Amino acid sequence: DAKTTQPTSMDCAEGRAANLPCNHSTISGNEYVYWYRQIHSQGPQYIIHGLKNNETNEMASLIITEDRKSSTLILPHATLRDTAVYYCIVRVPNTGNQFYFGTGTSLTVIP
Amino acid sequence: EAQVTQNPRYLITVTGKKLTVTCSQNMNHEYMSWYRQDPGLGLRQIYYSMNVEVTDKGDVPEGYKVSRKEKRNFPLILESPSPNQTSLYFCASSLSWTGGAQYFGPGTRLLVL
């Protein structure tokens, strides 16, 4: 069973906000939600993570719903360099420290 | 420079010939992990290690071995590679096994004939 579900692909106009959703309905109370991105076949790059509260850093904002069953990554002003596959990951419940990446969302920023 | 390094970056081998992909990090991280990436399947975790001499299976451990004798190194061993192990492999590390950002290496592209 999938631990996270994300849309397969999304487009976003350059300069606009990109909102990438993720469902993680089986998340446990003490598990964080992480977001990474991967450009071409490079190693994934960490973006942001959070537990319950919304988080913001220089790259993005993370909005987590109150029931924690879903979250949204927001890239406030998308650029062409943000074209990548974005992964929402959670720690797999009751497995210690196993992480589930899933297949991610392929974001294309359009000029 | 803080980084995770993997060697080799590219490897072509034949079925049954043992190989080792090395992974090293210079950040004194406790947690290290190996992933494989295949088209349509995303990133899947092979093995992980919470600290020296502590390793555990991930989602797809069959056909792989790992060891963690030193904190900085976490080699991935394929005792008898098969064509279904053709893949892109990533090593990652994070400061603590309790969580935090994972830093990934550049990847190793393996082709087993």
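Pairs A:Lys69/B:Lys65; A:Lys3/B:Lys65; A:Lys69/B:Lys69: which exceed 30 Å Cα-Cα?
Pairs exceeding the cut-off: A:Lys69/B:Lys65; A:Lys69/B:Lys69.
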Next item on the list: Go ahead and set up a Gaussian network model of chain B, Cα springs under 10 Å, then flag whichever of B:Ser82, B:Ser93, B:Ser24 fluctuates most.
Entry: B:Ser82
Margin query: Give me the three principal axis extents of the stretch B:2-54 from the C-alpha atoms, as integers in angstrom, largest value leading.
Written below: 34, 24, 23
Check: Other chains near B:87-95: what is the mean number of their Cβ atoms within 10 Å of each residue's Cβ?
Finding: 2
Check: From the backbone phi of the stretch B:89-101, what are the Karplus-calculated ³J(HN,Hα) couplings (6.51 cos²θ - 1.76 cosθ + 1.60, θ = phi - 60°) in whole Hz, Gly and Pro given as x?
Finding: 10, 10, 9, 9, 9, 9, 4, 9, 6, 7, x, x, 5
Next item on the list: Would you mind working out the magnitude of the charge dipole of the stretch A:1-81 relative to its Cα centre, with +1 at each Lys and Arg C-beta and -1 at each Asp and Glu C-beta, to the nearest 20 Debye?
Entry: 80
Next item on the list: Determine the shielding of peptide A:41-48 by partner chains: average, over its residues, the number of Cβ atoms on other chains within 10 angstrom of each Cβ.
Entry: 6
Checklist line | GluC sites (Glu not before Pro) restricted to the stretch A:28-80 and DSSP loop, no more than 11 other C-beta within 10 Å | finding: A:Glu58, A:Glu66
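If you filter the stretch A:38-91 for trypsin sites (Lys or Arg not before Pro), then keep DSSP loop positions with at most 14 other Cβ within 10 Å, what is left?
Those satisfying the criteria are A:Lys52, A:Lys69.
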Item checked: Separation of the A:Arg16 and B:Val54 label points, Cα + 7 Å toward Cβ, nm -> 4.7
Notebook entry, point to check: For chain A, what relative contact order do you get, as a whole percent, if you take Cα pairs closer than 8 Å and at least 6 residues apart?
Noted result: 37
Notebook entry, point to check: HN-Hα J couplings of the stretch B:54-60 from phi, Karplus 6.51/-1.76/1.60, θ = phi - 60°, integer Hz, Gly and Pro as x?
Noted result: 10, 10, 8, 6, x, 7, 9
Next item on the list: Give the cysteines in chain A for which no other Cys Cβ lies under 4.7 Å away, or write none if there are none.
Entry: A:Cys12
Item checked: Residue-wise HN-Hα coupling along the stretch A:80-85, computed from phi with Karplus coefficients 6.51, -1.76, 1.60 (Hz; x: Gly, Pro) -> 4, 6, 7, 4, 5, 9
Item checked: For A:Gly102, distant residues with modelled amide H under 5 Å away -> B:Leu43
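Taking 0.36 nm per intervening residue step and subtracting the Cα-Cα distance, what contour gain separates A:His77 from A:Lys52 on full extension? All intermediate terms of the calculation are to be shown ahead of the outcome.
On the way: separation 25, 0.36 × 25 = 9.00 nm, distance 2.41 nm.
Here the segment from A:His77 to A:Lys52 would lengthen by 6.6 nm.
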Check: Rounded to the nearest 5, what % of the DSSP beta bridges within the protein assembly as shown are antiparallel ones?
Finding: 90
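Readers should treat all values here as calculations from the given coordinates under stated rules, not as data from a laboratory. Remember, predicted model here, so these are calculated numbers, not experimental data. In this analysis, Cβ positions are derived from the backbone assuming ideal geometry, glycine residues included, and neighbour counts consider all displayed protein chains.
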